[in-house]
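K.L.:
Take a look at the following structure, please.
FYI, it's all coordinate maths here, none of it is from the lab. This is a predicted model, so every value here is computed, not measured. All Cβ positions, even for glycine, are placed from backbone atoms using ideal geometry, and neighbour counts span all protein chains on display.
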Amino acid sequence: MLQKILIANRGEIAVRVIRTCRELGIGTVAVYSNLDRDALHVRMADEAYALGGETAAESYLNTDAILSAIEQSGADGVHPGYGFFSENTDFARAITDRDVTFIGPPPEAIEVMGDKISSRLAAERAGVAGVPGRSEPLTSPDEVVAFGRENGWPVAIKAAYGGGGRGMKVVAAPDDAAEAMESAAREAQAYFGRPEIYLERYLSWPRHIEMQVLADQHGNTLWLGERDCSAQRRHQKLIEESPAPDFPDEIRQAMGAAAVKVSEACGYHNAGTVEFLYQDGEFYFLEMNTRLQVEHPVTELVTGLDLVAWQIRIASGEPLDFTQADIDRRGHAIEVRINAEDPTGGRFSPSPGTLASFRPPAGPGVRLDAGYESGDTVSQYYDNLIAKLIVWAPDREAARRRMLRAIGETRITGVATTLPAHTAILSHEDFAAAAHSTKWVEDQLDLNGLTAAPSGEAAAATGEDQVPLVQRDVTAEVDGRRYSVRLWVPDLGTVAAPGRTLGRPKRAAATTVAGTGSGQVTVPMQGTIVKVLVAVGDKVEVGQSVCVLEAMKMENAVAAEKDGVVKDVRVSAGDSVGAGDVVAVIE
Ligand code: MV4
């Protein structure tokens, strides 16, 4: 068995792998970029090594830096997670050459499954069909027209060396063939560095169903069950679930057998996923992902298996100690991906920043795989997946309701998240009825009315979570009747100001920020002045807003920190300011 594993990754997946290693008594080694010096995966690992750099290319994709961390730490295995080096055969071979175990499939299997044409041919040889089409590169529009005549329209043109869905063109009629071919080849070249394209029948309302497999190095390959990942947008999966709803068991069995055949045909070992399109009771091979996937917990909750533990055991040379007949799938699991993205208007724009607060959900049937805690920063440089929320319940409807309940408990402030979009999807009657396909989120679901946070939540959260509260008794009139009201409000006079530079910021300033008490009103962070609220000569009170600063995608009121008269105003609307800049002087 491996003794010490270096996790060549970051975020939630690095944390996920560390957890299983700890349960197995295996030592853990984290690696980190300069931006991740104090990241959760680093805090959790037994030891950690700096890679240097900020971008992924400079850090998590820096082979030499990772090889040197392997050597320094004495790790005997490397878990690549997903993304980064997980499907990089040069990396796998480089570490294998050093007698360090790559916790993944053989490089030859990664290569066969690495492009559409060779993986389609491998599946075909194994007797598993792709979408009806042609496995040769496309050379003339006449071939498109002939194919359309024979198989019907529309026809799909795909990048031969592509994947993940970019560069697909749909040809509705013969006249469009030439132009579609040209643009497909152009996009294929731009995205994948190779212009080759090929043809398939176009499926108009398919579901994306993928089959999890586990294969050891002793010739045992098992299928664990499917995941339905049809709720996606622009090829980004939003929600995954298992079992696939409205999916007959004989099709599940056939798809499982097909996935095993495809895996065996490429000499696979490790955990892997075979993707299919499913429409009108038929399924078609799409591609094979030769890595652990983001959505693997859905299968773990339904089968009770720890896929990371099995990856490690298989890489250590252990055989699977159960058979196909032993696999027991129970209940229903759903996963949502909590990304730092603002889904307002259905746009999903990146929303990096510091998690001012992160209150995780809990309770029956709830699992949270997070890469961050309160106070941690989601960088614009990496994948903005904050956490995956996964629930289990005895049936789909109970799981759907449980997920809505768990989302309701989850509170994240400081960045916008995809949670409101998940609530919209999970509450929609089409999703509840499982009437959706891969086209549903983009073509049918209306997310125009979506806003980043349920109203009131952000404001409530900032008041409670950011600054100490003080009691104030005020008089209020409601419909002409006088009330004495006791309020607990942020203690604006004593708010901590800039200068807390040592250590990890525990709380990011969110809505109201104040200065140091010297009469110099300063901004605590870099941003843009949106509005100036005072002029020279104005009398101001402590706590009164002097200007509004936009920073971290939020408007922050910069408050006077003492009573007095404004002597100087040094900014105007539109000015960029840096942390510590003086915006006004009060005497
Ligand atoms: C298709 C298809 C319809 N017909 N192929 C997009 C991702 C890529 N791996 C394959 N994709 C598709 N291939 C034929 N012949 C529809 C899609 C597709 C899709 C597939 C899986 C998950 C999401 C998708 C979203 C849009 C289109």
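K.L.:
Where does the chain land at 222 nm, in deg cm²/dmol rounded to the nearest 500, when only DSSP H runs of n ≥ 4 count, each adding -39500 (n - 2.57), divided by all residues?
P.N.:
Taking each H run of at least 4 residues, the total per residue is -8000 deg cm²/dmol.
K.L.:
Something else now. Please rank Ser33, Ser379, Ser576, fewest neighbouring Cβ atoms within 10 Å first, as an exposure proxy.
P.N.:
Lowest count first: Ser576, Ser379, Ser33.
K.L.:
If you average the C-alpha positions of the stretch 403-450 and of the stretch 320-360 separately, how far apart do those two centres end up, in angstrom?
P.N.:
Between the Cα centres of the stretch 403-450 and the stretch 320-360 lies a distance of 12 Å.
K.L.:
Could I ask something else about it? Which entries of Lys169/Lys237; Lys388/Lys531; Lys388/Lys439; Lys4/Lys261 have Cα-Cα distances beyond 30 Å here?
P.N.:
From Lys169/Lys237; Lys388/Lys531; Lys388/Lys439; Lys4/Lys261, over 30 Å: Lys388/Lys531; Lys4/Lys261.
K.L.:
Can I ask one more? Give me P(r) over the chain, computed from all C-alpha to C-alpha distances, binned every 20 Å, as integer percentages.
P.N.:
Bin by bin from 0 Å, the calculated values are 18, 46, 27, 8, 0.
K.L.:
Could you line up Arg400, Arg227, Arg472 from fewest to most neighbouring Cβ atoms inside 10 Å?
P.N.:
Fewest-to-most Cβ neighbours within 10 Å comes out as Arg472, Arg400, Arg227.
K.L.:
Positive end of the charge dipole of the stretch 1-139 (Lys, Arg +1 and Asp, Glu -1 on Cβ, about the Cα centre): tell me which of Leu35, Met113, Ala48 has its Cα farthest that way.
P.N.:
The residue sitting farthest along the positive end of the dipole is Met113.
K.L.:
Taking only C-alpha pairs under 8 Å that are 6+ residues apart, what is the relative contact order of the stretch 95-182 in percent?
P.N.:
About 23 percent, as a whole number.
K.L.:
Could you please state, rounded to a whole Å, how far the C-alpha centre of the stretch 1-50 is from the C-alpha centre of the stretch 236-265?
P.N.:
A separation of 31 Å, based on Cα centres.
K.L.:
Got the relative contact order for the chain handy, in percent, Cα pairs under 8 Å and 6 or more residues apart?
P.N.:
10
K.L.:
A further question on this structure: Under a point-charge model restricted to the Cβ atoms of Lys and Arg (+1) and Asp and Glu (-1), what is the dipole moment magnitude of the stretch 259-400 relative to its Cα centre, in debye to the nearest 20?
P.N.:
Rounded to the nearest 20 debye, it is 280 debye.
K.L.:
Given Cβ point charges of +1 (Lys, Arg) and -1 (Asp, Glu) and nothing else, what value in debye, to the nearest 20, does the dipole of the chain about its Cα centre take?
P.N.:
1300
K.L.:
Then there is this: How high is the relative contact order of the stretch 514-587, given as a whole-number percent (alpha carbon pairs under 8 Å, six or more residues apart)? Can you show the working numbers first?
P.N.:
Numbers: 211 pairs, mean separation 31.1, N = 74.
That works out to 42 percent.
K.L.:
For Asp395 and Asp38 in the same chain, what is the full-extension length gain: residue separation times 0.36 nm, less their Cα-Cα distance, in nm?
P.N.:
Working it through step by step, the gained length comes to 124.5 nm.
K.L.:
Let me ask something else. Less than 10 Å Cβ to Cβ from Leu320, Lys/Arg counted +1 and Asp/Glu -1: what total charge do the surrounding residues give?
P.N.:
For residues surrounding Leu320, the net value is -3.
K.L.:
In addition: Hey, if you put +1 on the Cβ of every Lys and Arg and -1 on every Asp and Glu Cβ in the stretch 230-362, which of His269, Ala340, Leu238 ends up farthest toward the positive end of that dipole?
P.N.:
It is Ala340, whose Cα lies furthest towards the positive end.
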